[in-house]
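The values are calculated or read from the model by the stated rules, or taken from the named source; none is laboratory data. None of these values were measured; they are calculated from a predicted model. Cβ placement follows ideal geometry from the backbone for every residue including glycine, while neighbour counts extend to all protein chains displayed.
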């Protein structure tokens, strides 16, 4: 679903509006299949949040 053209178009719109997108990871999905779309790791999510907060502190 993540690679669906409509989903990708909407993600592109969000990026143009300035939203930060944390990309999903590849691995086993809830359906049992393997592919892109699983939730990013906690470490990755926290890392991106910290980066964004540090950018805002610098302004």
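Return yes or no: is residue 18 in contact with a strand residue (DSSP E or B) (Cβ under 8 Å, 6 or more places away or on another chain) and on the phi > 0 side of the Ramachandran plot? Answer is no for this residue. Only one of the listed residues (21, 11) is surrounded by 12 or more Cβ atoms within 10 Å (Cβ to Cβ) and modelled with pLDDT of 95 or more. That residue is 11. Residues in the range 1-23 that are part of a loop (DSSP other than H, G, I, E, B) and closer than 22 Å to residue 53 by Cβ: 17, 18, 19, 20, 21, 22, 23.
Among the residues of the range 35-52, those identified as surrounded by 10 or more Cβ atoms within 10 Å (Cβ to Cβ) and part of a helix (DSSP H, G or I) are 44, 45, 46, 47, 48, 49, 50, 51, 52.
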